[in-house]
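Just below is one structure, and these are the notes that go with it.
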Amino acid sequence: MNTRFDCSRTPEVWASPELVAPVGEAVDALDAGDQVFALFPSIHGHLPDREFVVADYDGGRKTIVLKGPTAYEREVHDMDRLEAPVS
């Protein structure tokens, strides 16, 4: 997630490979101006679909939520489950 988005590059060049990251790292990446997308299962592996944005809570706490209105089969509960916790 340390790669910054460069509009002059094609998606094949600037897109980072799929990775699992703790929510805190995703928040940091979004705060730094990166785009973070949810990956949903498909017959071709995982496809990036909906974008995450930061949600602020009282006391300075932050989390990520999916941007935009609800979408059929494109919500957090539709994403694959992890076998083990992310460190």
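Laid out as a table, the results:
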| item | result |
| --- | --- |
| Every residue from segment 65-75 that is under 21 Å from Ala21 (Cα atoms) and either open to solvent by 100 Å² or more (accessible area, probe 1.4 Å) or touching a Ser or Thr at 6+ places or on another chain (Cβ under 7 Å) (or both) | Lys67 |
| Among residues of segment 39-64, those that are open to solvent by less than 60 Å² (accessible area, probe 1.4 Å) and either in contact with a Cys (Cβ under 8 Å, 6 or more places away or on another chain) or at pLDDT 90 or above (or both), counted | 7 |
| Options Ala38, Ala32: the member that is in contact with an Asp or Glu (Cβ under 8 Å, 6 or more places away or on another chain) and among the small types (Gly, Ala, Ser) | Ala38 |
| Residues that are open to solvent by less than 30 Å² (accessible area, probe 1.4 Å) and either among the small types (Gly, Ala, Ser) or touching a residue at least 60 places away in the same chain (Cβ under 8 Å) (or both), drawn from segment 22-38 | Ala26, Ala29, Ala38 |
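The values are calculated or read from the model by the stated rules, or taken from the named source; none is laboratory data. This is a predicted model, so every value here is computed, not measured. Here the Cβ is made from the backbone with ideal geometry for all residues, glycine too, and neighbour counts use every protein chain on show. For the accessible areas, the whole protein counts, side chains as well, though only heavy atoms, and no ligand, DNA or RNA atoms are used. Shrake-Rupley method; radii C 1.70, N 1.55, O 1.52, S 1.80 Å.
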